[in-house]
Amino acid sequence: MRMYDIIAKKRDGLALLKEEIEFFISGYTSGEIPDYQASALAMAIFLKGMTDEETVCLTNAMANSGDSLDLSQFGALSVDKHSTGGVGDKTTLIVAPIVAALGGRLAKMSGRGLGHTGGTVDKLESISGYKTTLDREEFLSQVENIGIAVIGQSGSLAPADKKLYALRDVTATVNSIPLITSSIMSKKIAAGSHNIVLDVKMGSGAFMKTLEDAEILAENMVKIGKGCKRNVCALITDMDTPLGTHIGNALEVKEAVRVLRGEQKGDLYEVCIALSSAMASLVLGVSVKEAEAKVIETIESGAAFSKMRQWIKAQGGDVSEIDDTEKLPKTDYFYEVKSAESGFVTKMDAEKIGVASVILGAGRENKEDKIDFGAGIVLSKKTGDKVNKGDTLCTLYSNNKESFKSAEEKFLSAISIGSNAPEKKPLVYKIIK
Ligand code: URA
């Protein structure tokens, strides 16, 4: 078999065979196939697409390119969630304990934040002592004993995707449905869960800016996940406005605790109920409606918060910081951003607000950047709210006073204030099964 012929076949719009896809993935992972040939194939796939059968083969080949986790000991109870990324998205911190309290088994590997979106692992590291690496035995026994463990994603999981994603990033081939689908799903398949719920974000702070694009990606990921023999469903949720009110690592832990304790309703609560219900429905084999009643009960009875305490403690975290979130990292300085006009908030650009939080130190521009765990933004107003001139729109937190000016400018450029209240948009646009 020759890589040249595989590239030419895809260039001419023909479907590749399983053996050809496996030849490419194993050769590219081992370094025998050079970047220039992999780039040519990525571009041919970008331009000519892939059939579902080809995408399933590519997903499986990448999932099998490195380590994978065997969760068969948990049978149909293992469940994972993947979010395509957003601003203020702390849903894992909330849905994981809810679903574990209902008997689900969450052996979760999460990422770090980069650019305008945050990462679960950074949020968890803002709790003193929390260990984001566990060896395989510790990881699985924690899942067995308390139903949940969340660690950083191992570099040896789907290494073919890691290499190919980096190559796509510099060859203008990221935005291809079969390539995005196989990239995301290969990591989920290698991570081993039987049930997978995908949270496909849509809007200004998301990868997919329109409902149409989000639907195409969500439908494709569900189809390919099923083709890889997993139980999959997807929710398309709003990311036009940041989720919840807190953006930043310790700040997001604080807000997650509030939701788990039943102290905060609103958009974040609603999206978490929808995601947890979808996950619980797959795990328990009941309807989403039935699952929803059980999910709400875990919050109201305190079972979900108690599960979060158990989880943080088992992973070495200081539970007193969860019991009293004032003990979480804080910054030396804060600054209130005021409104220069009266009216209604008609738009909040989630991506720009995410960038403002990075300026304050809450995220990374480059992989090596250090995070200021206490830094971030607390929103006082959200889309649809009425504002008067002089009202506080948000509070900025940072240990670097110098960052306030440019973070304020970025934040204000994200907000539109108009004389009429905007039309209310759904939080969950669609559930795809
Ligand atoms: N996220 C991924 O992991 N892969 C993609 O291709 C796009 C988003």
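What accessible area per residue, rounded to a whole number of Å², is obtained for region 323-387 using a probe radius of 1.4 Å?
Values: 3330 Å² over 65 residues.
Dividing the accessible area of region 323-387 by its residue count gives 51 Å².
Measuring from centroid to centroid over Cα atoms, what is the spacing of region 1-77 and region 142-195 in Å?
Answer, in whole Å: 14.
Place a +1 charge on the Cβ of each Lys and Arg in region 323-433 and a -1 charge on the Cβ of each Asp and Glu, then give the dipole magnitude about the Cα centre in debye, rounded to the nearest 20. Display every interim value, and only then the final one.
Numbers: 19 positive and 18 negative charges, 113 e Å.
The calculated dipole for region 323-433 is roughly 540 debye.
In debye to the nearest 20, how big a dipole does the chain give about its Cα centre with +1 on each Lys and Arg Cβ and -1 on each Asp and Glu Cβ? Can you show the working numbers first?
Details: 53 positive and 58 negative charges, 79 e Å.
Magnitude of the dipole: close to 380 debye.
Inverting the mean 1/r over all pairs of different Cα atoms, compute the Kirkwood radius of the chain and quote it in Å.
Working: mean 1/r = 0.0448 Å⁻¹.
In the chain this quantity evaluates to 22.3 Å.
From Cα coordinates alone, what are the radius of gyration and Dmax values for region 221-318 in angstrom?
Just the Cα atoms of region 221-318 yield Rg and Dmax of 15.2, 42 Å.
Using alpha carbons only, how many degrees (0 to 90, rounded to 10) separate the axis of helix 91-101 from the longest principal axis of the chain?
The two axes meet at around 80 degrees.
For region 132-213, report the % of Cα-Cα distances exceeding 17 Å. Intermediate results must be reported in sequence, preceding the final value.
Numbers: 2021 of 3321 pairs.
When every Cα pair of region 132-213 is considered, 61 percent fall beyond 17 Å.
Run through all the Cα pairs of region 76-140 and give the fraction in each 5 Å bin from 0, expressed as whole percent.
The percentages, shortest bin first, are 3, 14, 25, 26, 21, 8, 2, 0.
Show the residues, 5+ positions off or on another chain, whose built amide H is closer than 5 Å to the amide H of ILE33.
It is TYR28, by chain and number.
Leaving ligands, DNA and RNA out of it, report the carbon-plus-sulfur percent of the accessible area of the chain at a 1.4 Å probe.
On the way: 8910 of 17900 Å².
Of the solvent-accessible surface of the chain, carbon and sulfur hold 50 percent.
For region 289-382, what does the equivalent ellipsoid look like in terms of its semi-axes, each the square root of 5 times an eigenvalue of the Cα gyration tensor, given largest first in whole Å?
Working: eigenvalues 187, 103, 41 Å².
Semi-axes from the Cα gyration tensor: 31, 23, 14 Å.
When the gyration tensor of region 1-153 is built from Cα positions, what are the square roots of 5 times its three eigenvalues, in whole Å, from largest to smallest? Before the final figure, lay out each step's value.
Working: eigenvalues 269, 65, 45 Å².
Semi-axes, largest first: 37, 18, 15 Å.
Using only protein heavy atoms and a 1.4 Å probe, report how much of THR173 is accessible, in Å² to the nearest 10.
0
Show me, for region 173-187, the HN-Hα J-couplings you get by feeding each phi into the Karplus relation (A = 6.51, B = -1.76, C = 1.60, θ = phi - 60°), rounded to Hz, glycine and proline as x.
Values per residue, Gly and Pro as x: 10, 5, 7, 10, 4, x, 6, 5, 4, 5, 5, 5, 5, 5, 5 Hz.
Taking +1 at the Cβ of each Lys and Arg and -1 at the Cβ of each Asp and Glu, which of THR346, THR325, ALA303 sits farthest along the dipole of region 289-366 towards its positive end, judged by Cα position relative to the Cα centre?
ALA303
What ³J(HN,Hα) values, in whole Hz, does the Karplus curve 6.51 cos²θ - 1.76 cosθ + 1.60 give for region 347-358 when θ = phi - 60°, with x put for Gly and Pro?
So the J values, rounded to whole Hz, are 7, 9, 7, 4, 5, 5, 5, x, 5, 4, 5, 5.
Please calculate the 1.4 Å probe accessible area of ASP240, with all protein chains present, and give it to the nearest 10 Å².
Only protein atoms counted, so the area is about 40 Å².
Per residue, what accessible area does region 24-128 have, given a 1.4 Å probe and all protein chains present, in Å²?
On the way: 3470 Å² over 105 residues.
Per-residue accessible area for region 24-128 comes out at 33 Å².
Using 5 Å bins from zero, what percent of all Cα-Cα pairs in region 126-263 falls into each bin?
Percent of Cα pairs in each bin: 2, 8, 13, 15, 19, 20, 15, 6, 1, 0.
What is the set of long-range amide H partners of ILE417 at a cut-off below 5 Å, with H atoms built 1.01 Å from backbone N?
Here the answer is THR346, since their amide H atoms fall under 5 Å of that of ILE417.
Any idea which of GLN73, ILE432, ILE45 is furthest toward the positive side of the dipole for the chain, if Lys and Arg beta-carbons carry +1 and Asp and Glu beta-carbons -1?
ILE432
Compute the length gained on full extension between ALA293 and ASN366: take 0.36 nm times their separation in residues and subtract their Cα-Cα distance, giving the result in nm to one decimal.
On the way: separation 73, 0.36 × 73 = 26.28 nm, distance 4.25 nm.
Net length gain for the segment: 22.0 nm.
Along its principal axes, what span do the Cα atoms of region 108-165 show, with the longest given first and each in whole Å?
36, 26, 16
Using a Förster radius of 35 Å, what is the FRET efficiency between GLU32 and ARG136 based on their Cβ-Cβ separation? Nearest 0.05, please. If you can, show how the numbers build up before the last one.
On the way: r = 29 Å, r/R0 = 0.83.
With R0 = 35 Å, the Cβ-Cβ based efficiency is 0.75.
Could you work out the percent of alpha carbon pairs in region 24-65 separated by over 16 Å, rounded to a whole number?
Values: 348 of 861 pairs.
That fraction is 40 percent.
Taking a threshold of 24 Å on the Cα-Cα distance, which of the pairs LYS386/LYS424; LYS108/LYS201; LYS123/LYS226 fall above it? Provide the component values of the computation, followed by the final result.
Details: LYS386/LYS424 14 Å; LYS108/LYS201 20 Å; LYS123/LYS226 31 Å.
Long pairs (Cα-Cα over 24 Å): LYS123/LYS226.
So what J values fall out for region 251-266 if you push phi through Karplus, 6.51 cos²θ - 1.76 cosθ + 1.60 with θ = phi - 60°, rounded to Hz, Gly and Pro as x?
4, 6, 4, 4, 5, 4, 4, 4, 5, 5, 8, x, 8, 9, 9, x
Which value at 222 nm does the chain reach when only helices count, each DSSP H run of 4 or more adding -39,500 (n - 2.57), with the total divided by all residues and rounded to the nearest 500 deg cm²/dmol? Don't jump to the answer; show the numbers that get you there.
Details: 17 runs with 199 residues, N = 433.
After summing the helix terms and dividing by the residues of the chain, the value is -14000 deg cm²/dmol.
Using the eigenvalues of the Cα gyration tensor, what equivalent ellipsoid semi-axes result for region 53-112 when each is taken as the square root of five times the eigenvalue, whole Å, largest first?
Values: eigenvalues 114, 65, 20 Å².
Computed over region 53-112, the values are 24, 18, 10 Å.
If you wrap region 249-297's Cα atoms in a convex hull and average its projection over all directions, what's the area in nm²? Don't jump to the answer; show the numbers that get you there.
Details: hull surface 14.2 nm².
Taking the Cα atoms of region 249-297, their convex hull projects to 3.6 nm² on average.
Could you tell me, in Å, what Rg and Dmax come out for the Cα atoms of region 329-433?
Final numbers for Rg and Dmax: 15.3, 48 Å.
Considering amide H positions built from the backbone, and no H for Pro or chain starts, which residues 5 or more places from THR237, or on another chain, come under 5 Å of its amide H?
Correct list: VAL200, LYS201, MET202, TYR429.
The values are calculated or read from the model by the stated rules, or taken from the named source; none is laboratory data. If you're wondering where the values come from, they're calculated on a predicted model, not measured in any experiment. Neighbour counts are summed over all protein chains in view; Cβ atoms, including those assigned to glycine, are modelled from backbone coordinates with ideal geometry. Just so you know, the surface numbers come from the protein's heavy atoms only, side chains and all, with ligands and any DNA or RNA stripped out. Shrake-Rupley method; radii C 1.70, N 1.55, O 1.52, S 1.80 Å.
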